[in-house]
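**Student:** There's a structure below that I have some questions on.
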Amino acid sequence: MEEALEIKASIRGNKVFLFGDKKSVSKAEKFIREFYLINSSGYSINPEDIKFALKALEDSGTKAAASPNKPAASQKETHPSSLKELNIPVASKKKFIVPRSEAQKRYIEAIKQYDMVIGIGPAGTGKTYLAMAMAINALLNKQVSRIILARPAVEAGEKLGFLPGDLYEKINPYLRPLYDALFDMMENEKAYQLIEKGIIEIAPLAFMRGRTLNDSFIILDEAQNTTSEQMKMYLTRLGFNSKTVITGDITQIDLPYGKTSGLVEAAKILKNIKEVSLVYFSEKDVVRHKLVQEIIKAYDIFEKSRNDRQ
């Protein structure tokens with residue numbers, strides 16, 4: 001907050017002391033009071049929520065400085081209270097799930113508006129997490145009767161055959177990230193009950209063959225590792241009153257050399273269909289540790305340099 005608002009702050013006991021010019025101190029005081037009210041109402045605030053609100057505050061200040069002649073209405077400040085407005089309600093009442101960048105906001109709006117959304121971008125941009133939140137919200141609001149989460153079980157450097165156990169035990173590690181996101185938004189017991197009843201289904205993509213999925217919210221994760229045939233099979237599973245979100249990172253394809261990624265191909269084939277929305281993310285949308293942003297940027301520069309040399 002000190003950095004974003006150019007003030008000094010110190011804490012003594014249960015008091016916060018703010019030092020700086022009057023406008024910045026007033027802004028900081030309002031910022032703290034709003035976060036305190038949100039926290040008091042039972043919501044658990046994490047550092048990412050604070051970073052998001054501060055970044056939005058900085059961005060709105062930058063835009064206002066760049067266009068001083070625009071009317072005040074167009075220079076609307078972002079406050080912590082806007083977290084509540086953007087929040088996607090899920091089973092965990094104490095968790096804020098909000099879009100933390102412009103691309104994430106477009107993504108959420110696209111999921112609300114379209115029956116098929118393709119989200120493409122680097123790891124950590126919230127593609128799967130936000131889709132999962134929207135799926136749980138749709139289930140709670142009885143917009144759909146079940147959630148289906150699918151992933152291609154593609155080997156990334158290790159052979160499936162080397163893993164212990166039967167087929168389910170071999171493929172389970174590939175599905176683990178979907179379980180992690182689910183349990184982060186829902187009480188474990190509640191989630192397991194819904195899985196046992198078949199209301200939430202987590203399965204490898206191969207299990208989708210031959211099915212028609214009605215009244216469902218379907219998420220296909222890691223779609224960059226689908227083949228052309230698998231992607232076509234998946235896209236034609238969509239039934240009545242169903243939505244699908246397809247996510248992937250086209251810089252991390254684990255398919256054998258020479259195999260075309262179904263996601264890359266689908267993005268080209270479907271781009272002119274009005275009922276399909278494509279949302280692209282960049283390293284600016286990464287909501288993990290800030291180091292992840294720098295790593296993605298460094299790899300992009302390295303790969304561009306290598307391609308130029310080739």
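**Student:** Using a Förster distance of 41 Å, how high is the FRET efficiency between Lys15 and Ser305, based on the Cβ-Cβ distance and rounded to 0.05?
**Tutor:** In this case the efficiency is close to 0.20.
**Student:** When the distances between all Cα atoms of the range 211-310 are binned every 10 Å from zero, what whole-number percent does each bin get?
**Tutor:** So the P(r) values, bin by bin, are 13, 36, 34, 14, 3, 0.
**Student:** Work out from phi, with θ = phi - 60° and the Karplus expression 6.51 cos²θ - 1.76 cosθ + 1.60, the ³J(HN,Hα) of each residue of the range 134-145, listed in order in whole Hz, and give x for Gly and Pro.
**Tutor:** Working through the residues one at a time gives 5, 5, 5, 4, 5, 5, 5, 8, 6, 7, 9, 9 Hz.
**Student:** What accessible surface, in Å², does a 1.4 Å probe find on Phe35, ignoring ligands, DNA and RNA and rounding to the nearest 10?
**Tutor:** 20
**Student:** Given a cut-off of 31 Å, name the pairs among Lys15/Lys297; Lys127/Lys268; Lys27/Lys284 whose C-alpha atoms lie farther apart than that in the structure shown. Can you show the working numbers first?
**Tutor:** Values: Lys15/Lys297 40 Å; Lys127/Lys268 19 Å; Lys27/Lys284 25 Å.
Table pairs above 31 Å Cα-Cα are Lys15/Lys297.
**Student:** Now for a separate question. Between the DSSP loop rule and a limit of at most 15 other Cβ atoms within 10 Å, which GluC sites (Glu not before Pro) in the range 237-290 are left? Please report the intermediate quantities before stating the final value.
**Tutor:** Working: sites: Glu265, Glu275, Glu283; in loops: Glu275.
Filter output for the range 237-290: Glu275.
**Student:** Need one value: the accessible area of Ile120 in square angstrom, 1.4 angstrom probe, rounded to the nearest 10.
**Tutor:** 10
**Student:** Report the local net charge at Glu283: Lys and Arg +1, Asp and Glu -1, summed over other residues whose C-beta lies under 12 Å from its C-beta.
**Tutor:** Details: positive: Lys284, Arg288, Lys290, Lys297; negative: Asp249, Asp285, Glu294, Asp300.
Neighbourhood net charge equals 0.
**Student:** Under a 5 Å amide H to amide H cut-off, with H placed in plane at 1.01 Å, what residues pair with Glu201 once short-range neighbours are removed?
**Tutor:** It is Ile147, Ile148, Leu149, by chain and number.
**Student:** Now a separate question. Accessible area, 1.4 Å probe, largest first: how do Lys259, Lys297, Lys127, Lys22 sort? Walk me through the numbers on the way to the answer.
**Tutor:** Working: Lys259 105, Lys297 85, Lys127 20, Lys22 175 Å².
Order by accessible area, largest first: Lys22, Lys259, Lys297, Lys127.
**Student:** Report Ile301's accessible area, 1.4 Å probe, all protein chains in place, as a number in Å² to the nearest 10.
**Tutor:** Roughly 110 Å² of Ile301 is accessible to a 1.4 Å probe.
**Student:** Measuring from label point to label point, each 7 Å out along Cα→Cβ, what is the Arg176 to Ser40 span in nm?
**Tutor:** Going by the 7 Å Cα→Cβ label model, 4.3 nm.
**Student:** Take the eigenvalues of the Cα gyration tensor for the range 209-260, scale each by 5, and report the square roots as semi-axes in whole Å, largest first. Please list the in-between numbers first.
**Tutor:** On the way: eigenvalues 111, 31, 7 Å².
Semi-axes, largest first: 24, 12, 6 Å.
**Student:** If you don't mind, there's one more thing I want to ask. Can you give the extra length, in nm with one decimal, that the chain gains between Val292 and Glu275 once fully stretched, where that is 0.36 nm per residue apart less the Cα-Cα distance?
**Tutor:** Numbers: separation 17, 0.36 × 17 = 6.12 nm, distance 3.31 nm.
Between Val292 and Glu275, full extension yields an extra 2.8 nm.
The values are calculated or read from the model by the stated rules, or taken from the named source; none is laboratory data. All of these numbers come straight from a predicted model, not from anything done at the bench. Positions of Cβ are generated from backbone atoms using ideal geometry, with glycine treated the same way; all protein chains shown enter the neighbour counts. Ligands, DNA and RNA are stripped out before the accessible areas are found, and what is left, the full protein with its side chains, is counted by its heavy atoms. Shrake-Rupley method; radii C 1.70, N 1.55, O 1.52, S 1.80 Å.
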